[in-house]
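The values are calculated or read from the model by the stated rules, or taken from the named source; none is laboratory data. A quick note: this is a predicted structure, and the numbers were derived from the prediction, not measured. As a convention, Cβ positions derive from the backbone with ideal geometry for all residues, glycine included, and neighbour counts pool all protein chains shown.
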Amino acid sequence: MRIVLVGPPGAGKGTQAAYLAKNLAIPHISTGDLFRANISQGTELGLKAKSYMDAGELVPDEVTIGMAKDRMEQPDAVNGFLLDGFPRNVAQAEALDAMLESESMKLDAVLDLEVPEDEVVKRIAGRRICRNDSAHVFHVTYSAPKTEGVCDACGGELYQRDDDSEETVRKRLEVYHTQTEPIIDYYKAQGLVVTITALGKVDEVTARAMEALRGDK
Ligand code: AP5
Ligand code: ZN
């Protein structure tokens, strides 16, 4: 299956992607995670991306599209993938369509996670991520680690993302509404969108998402 996950910052895209990718046996491809890996490795691409991410703005398409394409061309993605955070504007959606079309492939579904804004703000404020593995995501109250600041899964140090400050989150939400939400209409025109509410416990949301994707097939 080839799936795009869409939803505001803090909706739980990364959290759900970890479970959905496992259930569906496809790789989870997050452009945010790819940028953060490049930043921590000090690559040229990471240097280009950092100032935009810290400001809560989109990294320019010419950097993002090439990086996403390289990742989608890796051998583990030939039979499908779950895209998280890409595409993020209509130009990226058009580039993805062109990329897939040239390989005679198409998307199966666009899963839209709906969460009210006050909830995403709470989710982001309490988020803590493991330095060893970005799939190890916690929340100080909703899914607190057993020991404060320490990852339950691997013992790694938990940290708060640089772009999770209140001011940057506000900017990211504005960018979501103006630049990313239009891709939902773009994909609705192709009959690909399935919308679910992402409120409730993590496993309840996963079950809802799996059911919606099954119903779509
Ligand atoms: P990116 O990393 O993609 O961030 P985002 O879209 O803002 O999404 P988040 O990672 O903040 O949230 P999430 O929905 O994954 O939520 P999570 O599962 O962590 O992008 C960052 C930046 O990179 C962008 O601003 C941009 O600069 C750049 N970028 C990336 N892609 C780009 C692109 N294509 N083009 C241009 N620029 C790009 O959950 C949040 C918290 O909630 C966690 O603490 C979690 O434990 C908790 N939680 C999750 N589910 C639940 C639940 N059901 N109940 C209670 N708590 C929950
Ligand atoms: Zn960990």
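Let's see how each residue does on (1) at positive phi; (2) without any contact (Cβ under 8 Å) to a residue 60 or more places away in the chain; (3) in contact with a Leu (Cβ under 9 Å, 6 or more places away or on another chain):
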| site | (1), (2), (3) |
| --- | --- |
| PRO8 | no, no, yes |
| ALA11 | no, no, yes |
| ALA25 | yes, yes, no |
| HIS28 | no, no, yes |
| THR31 | no, yes, yes |
| PHE35 | no, yes, yes |
| GLN41 | no, yes, no |
| LYS50 | no, yes, no |
| GLU62 | no, yes, no |
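Quick one: is THR178 out of contact with any Cys (no Cβ under 7 Å at 6 or more places or on another chain) and in contact (Cβ under 8 Å) with a residue 40 or more places away in the chain?
For THR178, the condition - out of contact with any Cys (no Cβ under 7 Å at 6 or more places or on another chain) and in contact (Cβ under 8 Å) with a residue 40 or more places away in the chain - is not met.
Among the residues of segment 14-68, write down those that are part of a loop (DSSP other than H, G, I, E, B) and either within 11 Å of ligand 1 (Cβ to nearest atom) or of a type in the set (Lys, Arg) (or both).
GLY56, GLU57, LEU58, VAL59, PRO60
Give the number of residues within segment 1-13 that are within 18 Å of HIS139 (Cβ to Cβ) and not in a loop (DSSP other than H, G, I, E, B).
1
Looking only at residues that are within 13 Å of THR15 (Cβ to Cβ) and β-branched (Val, Ile, Thr) in segment 126-167, which one is surrounded by the most Cβ atoms within 10 Å (Cβ to Cβ)?
Only one residue tops the list, namely ILE129.
Could you list, in sequence order, all residues of segment 168-185 that are closer than 27 Å to ASN23 by Cα and crowded, with 18+ Cβ neighbours inside 10 Å?
Those that are closer than 27 Å to ASN23 by Cα and crowded, with 18+ Cβ neighbours inside 10 Å: THR180, ILE183.
Quick check, is ALA77 hydrophobic (A, V, I, L, M, F, W, C) and under 18 Å from ILE65 (Cα atoms)?
Yes, satisfied.
Can you confirm whether segment 12-20 contains a residue that is buried (at least 16 other Cβ atoms within 10 Å of the Cβ), within 22 Å of HIS177 (Cα to Cα) and touching a Lys or Arg at 6+ places or on another chain (Cβ under 6 Å)?
no
Would you point out which residue out of LYS188, LYS146, LYS171, LYS201 is more than 13 Å from ligand 1 (Cβ to nearest atom) and farther than 17 Å from VAL4 by Cβ?
When all the criteria are applied, what remains is LYS146.
Taking segment 93-125 on its own, how many of its residues are under 15 Å from GLY14 (Cα atoms) and within 10 Å of ligand 1 (Cβ to nearest atom)?
Qualifying residue count for the region: 5.
So PHE86 passes all but one of these: (1) at negative phi; (2) of a type outside the set (A, V, I, L, M); (3) surrounded by fewer than 18 Cβ atoms within 10 Å (Cβ to Cβ); (4) assigned to a loop (DSSP other than H, G, I, E, B). Which condition number does it fail?
If we test PHE86 against (1) at negative phi; (2) of a type outside the set (A, V, I, L, M); (3) surrounded by fewer than 18 Cβ atoms within 10 Å (Cβ to Cβ); (4) assigned to a loop (DSSP other than H, G, I, E, B), just (3) comes out false.
Just for segment 166-209: of the residues that are aliphatic (A, V, I, L, M) and in contact with a Leu (Cβ under 7 Å, 6 or more places away or on another chain), which one is farthest from ligand 2 (Cβ to nearest atom)?
For segment 166-209, the residue satisfying everything is LEU192.
Within segment 107-217, considering only helices (runs of 4 or more DSSP H) that don't extend past its boundaries, which have at least 3 residues that are closer than 25 Å to ASP61 by Cα?
166-175, 182-188
Inspect segment 32-54 for any residue being charged (D, E, K, R), more than 12 Å from the chain's Cα centre (by Cα) and within 16 Å of ligand 2 (Cβ to nearest atom) and give the result as yes or no.
yes
Only residues in segment 99-128 that are among the acidic types (Asp, Glu) count as the first member; pair them with residues that are at pLDDT 95 or above and within 13 Å of ligand 1 (Cβ to nearest atom), Cβ under 6 angstrom, at least 6 apart or cross-chain, and list the lot.
ASP112/VAL6; GLU114/THR197
Kindly indicate which of LYS201, LYS171 is free of Cβ contacts under 8 Å to residues at least 12 places away in the same chain and of a type in the set (Lys, Arg).
Going through LYS201, LYS171 in turn, just one is free of Cβ contacts under 8 Å to residues at least 12 places away in the same chain and of a type in the set (Lys, Arg): LYS201.
Of everything in segment 18-29, what is under 27 Å from GLU174 (Cβ atoms) and away from ligand 2 (no atom under 16 Å from the Cβ)? Give them in sequence order.
ILE29, the sole residue that qualifies.
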